[in-house]
Amino acid sequence: MESHKTTFPALLLATCKRPSFALLFLLFTLLTFLSLHLPVRPVWLLAAPHPPPHPTTCASFFRHVPPRKVVLSIQDFGGVGDGTTSNTESFRRAIQYMQRFQNRGGGQLNIPAGTWLTGSFNLTSNFTLFLQHGAVILASQDPKEWPIIEALPSYGRGRERLGGRHISLIHGNGISNVVITGLNGTVDGQGKMWWELWWNRTLEHTRGHLLELMNSDNVLISNLTFRNSPFWTIHPVYCRNVVIKGMTILAPLNAPNTDGIDPDSSSNVCIEDNYIESGDDLVAIKSGWDQYGITVAHPCTNIIVRRISGTTPTCSGVGIGSEMSGGISNITIENLHVWDSAAGVRIKSDKGRGGYVANVSISDIRMERVKIPIRFSRGSNDHPDDGWDPKAVPIFKDIFISNVVSINSTKAPVLEGVEGSSFEGLCFKNITLHGVALSTRWRCEYVSGFATEVFPVPCLELRNNSYSSWCSPS
């Protein structure tokens, strides 16, 4: 007689028809395990089916330069990388030697691993400063090694104090075809001493930048870490064709006026793929201060700011102004990621500034825990001297802001124009601010424009139908 054997499928089927408590508990345990250990998205969705396209870049603003003919190390000029020996004279001798090759194939100064203490030094044309992995250029804390130089013509005085200003740690004036790069080496400004002078109100002259280039052309700054700048970190002024790419810029979040990158009265500036933490704006676009900026009339134009991420608890991700007296135009800001900051995008001005801000495109902005995502502000009430003209009011025209998402915002946008000025042609499109109450309203004054696909509901000043044709849903 053939034995009756119960097969596993039959047993499973019978069990499913009469589920037991033990089986239900087993299934519940299995589902719980899977939910905790498998990714939120299925594995086949985690990888893109096709590699992403090459990101848009403005790096072509920098014209390619051939390899330098002469390559030497700071050690060839007596440099000692022990962190305590002063290398100021070694850097100055090295740059002076490299000047011989400006028109003979150019020179490159390599900074090997080590900590190289130095005061300020000036760069030269057709030159590369290359920091190897593990190399640290450490700024001297002796103010005498940061000499006083003349104020910028478009500012009329030091930005913080009357008279001249301290030179930057790395400086260049009237140079071209310059590369400052490396294998993620570091330039450390040791700014705490300077911040304390500011906090204690004992600062005699305006603090120096970590890197300032004046009247220069065709500059590449890339693949380095800049930290602890005494003042604004990277400041190209009266320059053209500048690319700042792949940089990490760090300062304590309470360090005063430690802006990340400030293009000033410059043209064709590309700022992309940078990470910034600072005590002031991550990026600030400027063009001179009150009557001095108006007189010099050197605008900041054709500036691209792209794929910037970072945080600043007191200021904005990208700021325009408030020093904008020479004019600012043709600005593109896109793919910005800002968190735990006072503002995402901010345009600053005031009476006495004069100048203009025109043709600005701001798009694809992502924010988390940003207090005021979009802000136009006035009332800084800082002027170089008593010669400023209260009748000099700025002009704002054609500012397009789109595709903005802010999570955990606390306030709606604040748009404060300047009384007597022209603030027209504003377009706000596809903007969503999560976290604000339904009753929250935009605060607007002395502005005019149009808004569509915006939450929360915009102010009446942004319902001007004369702008609706070019600020309409696509």
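The values are calculated or read from the model by the stated rules, or taken from the named source; none is laboratory data. Keep in mind it's a predicted model, so treat the numbers as computed, not measured. Neighbour counts run over all protein chains shown; Cβ positions are idealised from the backbone, glycine included. Areas reflect the complete protein model, heavy atoms only, side chains present, ligands, DNA and RNA absent. Shrake-Rupley method; radii C 1.70, N 1.55, O 1.52, S 1.80 Å.
Brief remarks follow.
- The condition of being polar (S, T, N, Q) and assigned to a strand (DSSP E or B) holds for only one of ASN103, ASN110, that being ASN110.
- Set GLU461, GLU453, GLU419, GLU424: member being in contact with a strand residue (DSSP E or B) (Cβ under 9 Å, 6 or more places away or on another chain), in a loop (DSSP other than H, G, I, E, B), among the acidic types (Asp, Glu) and open to solvent by 10 Å² or more (accessible area, probe 1.4 Å): GLU419
- Residue list for region 286-322, restricted to those being among the polar types (S, T, N, Q), open to solvent by 20 Å² or more (accessible area, probe 1.4 Å) and within 16 Å of PRO263 (Cα to Cα): THR301, ASN302
- Scanning region 70-84 for residues being on the phi < 0 side of the Ramachandran plot, open to solvent by less than 40 Å² (accessible area, probe 1.4 Å) and outside any helix (DSSP H, G or I) gives a total of 4.
- Selection status of PRO51, under 28 Å from the mean Cα position of the chain (by Cα), modelled with pLDDT under 95 and open to solvent by 100 Å² or more (accessible area, probe 1.4 Å): yes
- Residue within region 297-304 that is in contact with a helix residue (DSSP H, G or I) (Cβ under 7 Å, 6 or more places away or on another chain), within 27 Å of ASP217 (Cα to Cα) and hydrophobic (A, V, I, L, M, F, W, C) present: no
- Given (1) in contact with a Gly (Cβ under 9 Å, 6 or more places away or on another chain); (2) open to solvent by less than 50 Å² (accessible area, probe 1.4 Å); (3) modelled with pLDDT of 95 or more, index of the condition TRP388 fails: (2)
- Candidates ARG463, ARG375, ARG441: the one that is modelled with pLDDT under 95, basic (Lys, Arg) and within 23 Å of ALA358 (Cα to Cα) is ARG463.
- Cβ-Cβ distances below 6 Å connect the following pairs, each with a first residue in region 389-406 that is farther than 23 Å from GLY317 by Cβ, a second residue that is open to solvent by less than 10 Å² (accessible area, probe 1.4 Å) and of a type in the set (A, V, I, L, M, F, W, C), and a separation of six or more residues or different chains: VAL393/VAL418.
- Filter result for VAL436 (open to solvent by less than 30 Å² (accessible area, probe 1.4 Å), in a loop (DSSP other than H, G, I, E, B) and farther than 24 Å from ALA284 by Cα): yes
- Taking residues in region 207-233 that are under 18 Å from PHE130 (Cβ atoms), and partners anywhere that are surrounded by fewer than 24 Cβ atoms within 10 Å (Cβ to Cβ) and of a type in the set (Phe, Trp, Tyr), the pairs with Cβ atoms closer than 6 Å and at least 6 places apart or on different chains are LEU220/PHE62.
- Candidates ARG346, ARG375, ARG366, ARG306: the one that is touching a His at 6+ places or on another chain (Cβ under 7 Å) and assigned to a strand (DSSP E or B) is ARG366.
- Residue count for region 391-416, restricted to those that are polar (S, T, N, Q), buried (at least 18 other Cβ atoms within 10 Å of the Cβ) and outside any loop (DSSP other than H, G, I, E, B): 2.
- Residue in region 439-450 that is least open to solvent (accessible area, probe 1.4 Å), counting only those that are more than 17 Å from LYS348 (Cα to Cα) and part of a strand (DSSP E or B): GLY449
- Of the residues contained in region 118-141, none is found to be open to solvent by less than 40 Å² (accessible area, probe 1.4 Å) and either part of a helix (DSSP H, G or I) or without any contact (Cβ under 8 Å) to a residue 12 or more places away in the chain (or both).
- Of the set (1) under 25 Å from SER265 (Cα atoms); (2) under 20 Å from the mean Cα position of the chain (by Cα), all apply to ASP350 but (2).
- ILE365 open to solvent by less than 10 Å² (accessible area, probe 1.4 Å), within 24 Å of SER154 (Cβ to Cβ) and not basic (Lys, Arg): no
- Region 340-356, residues that are surrounded by 18 or more Cβ atoms within 10 Å (Cβ to Cβ) and over 15 Å from VAL283 (Cβ atoms): SER349, ASP350, LYS351, GLY352, ARG353, GLY354, GLY355, TYR356
- Selection over region 144-160 of residues that are open to solvent by less than 60 Å² (accessible area, probe 1.4 Å) and farther than 17 Å from ARG92 by Cβ gives a count of 9.
- The one condition in (1) closer than 24 Å to GLY288 by Cβ; (2) free of Cβ contacts under 8 Å to residues at least 60 places away in the same chain; (3) open to solvent by 10 Å² or more (accessible area, probe 1.4 Å) that THR181 fails to fulfil: (1)
- Scanning region 138-191 for residues that are under 22 Å from the mean Cα position of the chain (by Cα), of a type in the set (A, V, I, L, M, F, W, C) and more than 15 Å from ILE234 (Cα to Cα) turns up just one, LEU183.
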